[in-house]
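Notes for the one structure printed next.
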Amino acid sequence: MNNTKSADKQPRTGPNGKPVRPFIMPTSIAGKLGVWKYLILRRVTQLSTLVLFFGSAHWAWNFNEQPIISGNLSSSMLLGFIPLADPFAVLQILMTQNSLLTEVLTGALIVLTFYFIVGGRVWCSWVCPVNMITDLAGKIRKKLNIQNAVQLSRKFRYIMLALALVLSALSGVAAFEWISPISIFHREIIFGLGTGWAFLLGIFILDTFILKDGWCGYLCPLGAFYSIVGKFSFLRISFDSPSCTHCIECTKVCPEPQVLDLKLATHKGYISAGECTNCGRCIGVCPEDSLHFDLKWWIARNQQNNNLQIPSANEAENLTKKDPGRKAA
Ligand code: SF4
Ligand code: SF4
């Protein structure tokens with residue numbers, strides 16, 4: 001009986017034998033800033049993007065007599081000579097068989113290259129203004145402990161992606177662009193209040209009361225498109241398996257918890273799922289400092305070096321035969 005009680009008091013240990021520690025929010029400002037740094041940087045990026053569009057449209061912010069940025073989040077011109085275009089919007093237009101300006105195609109290529117490097121869904125968590133609404137909804141539902149009212153597969157977003165392309169081909173117009181909350185948000189901020197806010201309110205209600213991360217995690221076809229890009233991108237969340245205690249604090253804050261497959265991450269050395277948004281939330285809360293931003297090939301090199309240092313089963317057996325006093329690791 002006593003033995004059972006003392007066993008109960010033993011701290012839970014992770015697969016590495018270390019005690020599992022919970023995440024505790026630091027009390028100091030510097031500590032808090034350390035946890036929130038990526039959140040702060042994301043908000044700065046999202047708001048600066050909107051401010052640049054607003055300043056260029058309303059206050060004539062310019063560079064060399066050209067607006068700093070003109071257009072919208074689907075297609076724009078930076079500094080008067082750098083075209084930028086949403087590759088998914090371009091793909092929809094290609095499906096309509098309408099012709100495209102070379103400038104727009106170049107813009108899409110520039111944007112696509114950028115997201116191949118930094119991570120497809122960096123768009124979602126670092127640039128898309130709708131993310132501010134969905135993050136707020138997530139915070140509220142967590143505070144009020146609201147449970148999901150419906151169940152849906154996260155793969156549903158890929159059906160939405162296919163649907164957007166098929167409807168574009170059938171209707172002759174870029175289908176998602178008509179109802180995109182991203183374009184609506186941009187229009188409302190830059191050109192004033194209008195009926196578009198009702199649609200954005202709908203997303204807020206969906207995410208707060210019906211389905212956690214409902215829009216970004218299950219429905220948005222643009223997020224689905226960038227998840228495919230993200231599968232191949234260079235900047236990843238690296239995972240240091242030996243230090244991890246499987247406390248799952250990272251999973252609790254992740255908007256795409258299914259991507260934190262720690263077994264797969266141990267094998268790869270990084271979070272390999274394209275749905276990871278590179279938001280950095282998991283980095284801030286990991287009590288063991290097991291997660292970081294890193295480049296894929298750099299992680300692979302480190303993994304290789306680590307593997308070289310670990311003898312294979314045969315090598316270990318040979319070493320033991322040569323030196324019988326040696327114990328297997
Ligand atoms: S990686 Fe996740 S599970 Fe592992 S120690 Fe960090 S927060 Fe805990
Ligand atoms: S794994 Fe980390 S970076 Fe990726 S979505 Fe989850 S919390 Fe964000």
Dividing the mean separation of Cα pairs under 8 Å (6+ apart) by the residue count of the chain yields a relative contact order in percent of 21 percent
For the chain, built as a Gaussian network whose Cα springs stay under 10 Å, the top-fluctuating residue of GLU188, GLU275, GLU256 | GLU188
Springs between alpha-carbon atoms under 10 Å, Gaussian network over the chain: tell me which of MET160, MET25, MET95 tops the mean-square fluctuations.
-> MET25
Among GLN46, GLN304, GLN258, which one shows the biggest mean-square fluctuation in a GNM of the chain, springs joining Cα atoms closer than 10 Å?
-> GLN304
On the accessible surface of the chain, probed at 1.4 Å with all protein chains in place, carbon and sulfur together account for a percent value of 65 percent
List the equivalent ellipsoid semi-axes of the range 41-228 in whole Å, largest first, each obtained as the square root of 5λ for an eigenvalue λ of the Cα gyration tensor.
-> 28, 21, 15
Sort by residue number and report every cysteine in the chain with no other cysteine beta carbon within a distance under 4.7 Å.
-> CYS124, CYS128, CYS216, CYS220, CYS244, CYS247, CYS254, CYS276, CYS279, CYS286
Derived scalar couplings ³J(HN,Hα) [the range 71-81; Karplus, 6.51 cos²θ - 1.76 cosθ + 1.60; whole Hz; x for Gly, Pro] | x, 8, 6, 8, 7, 8, 10, 9, 6, x, 9
Over 31 Å (Cα to Cα) among LYS37/LYS296; LYS139/LYS263; LYS143/LYS231 -> LYS143/LYS231
If one takes the longest principal axis of the Cα atoms in the chain, at what angle in degrees, from 0 to 90 and to the nearest 10, does the Cα axis of helix 130-143 lie?
-> 50 degrees
Relative contact order (percent) for the range 41-228, with alpha-carbon contacts under 8 angstrom and 6 or more residues of separation?
-> 25 percent
Computed from the beta carbon distance with a Förster radius of 45 Å, FRET efficiency for LEU144 and SER70 to the nearest 0.05 stands at 0.60
Å² per residue, accessible surface of the chain at 1.4 Å = 57 Å²
Point-charge dipole on Cβ atoms (K/R +1, D/E -1) for the chain, about Cα centre, debye to 20 | 1320 debye
Kirkwood hydrodynamic radius (C-alpha pairs) into Stokes-Einstein, the chain, 37 °C and 0.692 mPa s, D in µm²/s | 146 µm²/s
Using alpha-carbon coordinates, inclination of helix 196-205 to the longest axis of the chain, degrees = 20 degrees
Neighbours of ARG141 by Cβ distance under 12 Å: Lys/Arg at +1, Asp/Glu at -1, summed charge +1
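The values are calculated or read from the model by the stated rules, or taken from the named source; none is laboratory data. Remember, predicted model here, so these are calculated numbers, not experimental data. Glycine also receives a Cβ, built like all others from the backbone with ideal geometry; neighbour counts cover every protein chain displayed. Protein only, heavy atoms only, side chains kept; ligands, DNA and RNA dropped before computing areas. Shrake-Rupley method; radii C 1.70, N 1.55, O 1.52, S 1.80 Å.
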